[in-house]
1. Filter segment 45-79 down to residues that are at pLDDT 95 or above and either in a helix (DSSP H, G or I) or among the β-branched types (Val, Ile, Thr) (or both) and give me whichever is least open to solvent (accessible area, probe 1.4 Å).
2. Quick check on segment 80-128: of everything there that is in contact with an Asp or Glu (Cβ under 6 Å, 6 or more places away or on another chain), part of a loop (DSSP other than H, G, I, E, B) and within 17 Å of residue 155 (Cβ to Cβ), which residue is modelled with the lowest pLDDT?
Amino acid sequence: RDLSGKGNDGTLDGASWSPSSSDNAIVVFSHTETIDLTVTPINDQVVLDVPGAHQLFEDQKVRLDGIVVSEPEDVTAENLVEEKDLEVKVTLSVDEGMIHLNSTDNIIFLEDTRDINGRIVILGRIPDINHALTGIVYDPDPNYNGSDVLTIDIDDMTNGLGRAVTLVTKTIDLTIDA
């Protein structure tokens, strides 16, 4: 039987086919459309893992392991982004002591802060930041006993997406016994 109809650009509009009662064939028609989609990237939330509370004695330093920054949703094979490509700004602060970073390699100190201070603001790529935060040391003020809190703020600097910044803040409670 004949398939008939009119069309433009290789398509058949109003195509019709009428099988006869003697046809024992399976007839399949297919139609393909192309739809253009625009996917707008968003800046996903930065992730900050921190350890639990710590207890120490007066005039004793404590090493804080387990502080890790990541951006699992922004790091994808589809958009060819790796953590080494993403920068973050980190603010660390305590009221009753000083913080000492594990490393200062490949990081930039901001806001006139420096290592071994009560407040540190740094900028760097995620692997370098995580290296700096691995095993940071908290050193309470001399003869101080009581409570302190290490506050960690992460600003993901929009990570090149030109969209809203994502921020995350977490704390680690510190108890200094006499």
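1. The selected residue is 67.
2. Checking each candidate, the answer is 86.
Each row is one residue, and each column tells you yes or no for (1) exposed (fewer than 14 other Cβ atoms within 10 Å of the Cβ); (2) more than 14 Å from residue 91 (Cα to Cα); (3) in contact with a Ser or Thr (Cβ under 9 Å, 6 or more places away or on another chain).
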site: 105; (1), (2), (3): yes, yes, no
site: 110; (1), (2), (3): yes, no, yes
site: 113; (1), (2), (3): no, no, yes
site: 121; (1), (2), (3): no, no, yes
site: 138; (1), (2), (3): no, yes, no
site: 147; (1), (2), (3): yes, yes, yes
site: 151; (1), (2), (3): no, no, yes
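The values are calculated or read from the model by the stated rules, or taken from the named source; none is laboratory data. Predicted model, so just to flag it, every value in this text is computed and none were measured. Glycine also receives a Cβ, built like all others from the backbone with ideal geometry; neighbour counts cover every protein chain displayed. Calculation scope for accessible area: heavy atoms of the full protein, side chains included, ligands and nucleic acids excluded. Shrake-Rupley method; radii C 1.70, N 1.55, O 1.52, S 1.80 Å.
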